[in-house]
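Below: one structure, written as structure tokens.
The values are calculated or read from the model by the stated rules, or taken from the named source; none is laboratory data. This is a predicted model, so every value here is computed, not measured. Note that we place each Cβ from the backbone using ideal geometry, even for glycine, and neighbour counts take in every protein chain shown. Remember, those area values only see protein heavy atoms, side chains included, never the ligands or the DNA or RNA. Shrake-Rupley method; radii C 1.70, N 1.55, O 1.52, S 1.80 Å.
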Amino acid sequence: MESRLGQLVIEAERAGLVMPGRGGELARFLERRGYMPGADEPEAGAARLEDSEQPRFVRGFHDILITIGILVLVAGAAGALSSLAIPPIAILLSEIFVKRQRLALPSVVLSVITLASVALLITLLPLDEWIWPTLGFGALLTAAAGLYHWRYQTPISLAGVFYGIALLIFIACHWLLLGRETVDLALLVDRRLASLVTLLGLALFAVALFFDLSDPQRRTRRSDTAFWLHLGAAPVLLNGVTGLVAGPLGVLWSDDDPQTAALVITAVLLVMAIGLVIDRRAFVTAGLISLGAALAVLMNESAITTPYSSFWVVAIAIGLIVLSIGLFWARLRGFLLDLLPETLRRRLPPAR
């Protein structure tokens, strides 16, 4: 307990307010209720950064050191033993570094390693005998994410549960719409699935927004859960929208149509505006590939000629857009927030 919370618990023990030896239990109780160590308000007189999107990945170099050890140990065990040894090792390490010590970066890494290794194990099961083998894969993986979250309460594992539910819905609807037992590049086959992807993206976004609005100051673990949900919801939502506007996979595989490219750019800018309003940068980065492809189409179809390849010109344009948004993030947010009703502004992170 090296955080402000740990210091307060130690002081409470010394003052006789907490029984000796029970401080750790109190700290874990407060953490389970959503209070994250290290998420305290800044000291008096200390100016906060403009960036309120600060997921707690690392709370010190100790986290990095432990994470390096975890990665090396897991890689060595997989090479010397088998990939089948990864899940029990990951669970054992989770008991130490996630359940007991609540280390930030190791919690993220171990959550990913555990679920990824479980997914690998599921692929080795005889799911071909199932009526819907891919649906069985999704169900087992979602159940694994739920069990991991029940035991260790990490934000990324809770996000994984919602991702699993979305995957199950996608697989089931894919089977009902196309009558297939396996999932392929469905967006290349049926535009109806682009509508489904859009709806799933909206659903993930709504869940992420629920966590965000419940913690506008972003001081608790709910904010970290929202971060991981937004990280996945943004590309899913954008790919679904561009699939509806420009056909399968947006402009990447469509004809060089300037009108379609303009619609894709409009969709990307709208998603970026949403990211500004809710103060989540995942919505800005999610559309960079689609934005670049659309700009390339407009450039190739226009009468503008340059001595350089269109790829480099588009790269410069994308870089300038990203840097401009990053540099003027607070001002742009303030401008957009002023356009919203006061009741909604109060539930969003304040402009800084």
Next on the checklist: As a test of reading the structure, rank 124, 344, 276 by solvent-accessible area (1.4 Å probe, protein chains only), most first.
Outcome noted: 124, 344, 276
Item to check | Residues whose placed amide H lies under 5 Å from that of residue 102, excluding near-sequence neighbours | outcome: none
Checklist entry - Measuring from label point to label point, each 7 Å out along Cα→Cβ, what is the residue 322 to residue 343 span in nm? => result 3.9 nm
Checklist outcome for this item: Relative to the compact-globule estimate 2.2 N^0.38 Å (N residues), the Cα gyration radius of the range 66-136 stands at a ratio of 1.26
Item to check | Difference of contour (0.36 nm per residue) and Cα-Cα distance, residue 195 to residue 266 | outcome: 23.8 nm
Item to check | For residue 228, solvent-accessible area (1.4 Å; no DNA, RNA or ligand), Å² | outcome: 40 Å²
Next on the checklist: Take residue 68 and residue 288, extend 7 Å from each Cα along the Cα→Cβ direction, and tell me the distance between the two endpoints in nm.
Outcome noted: 2.7 nm
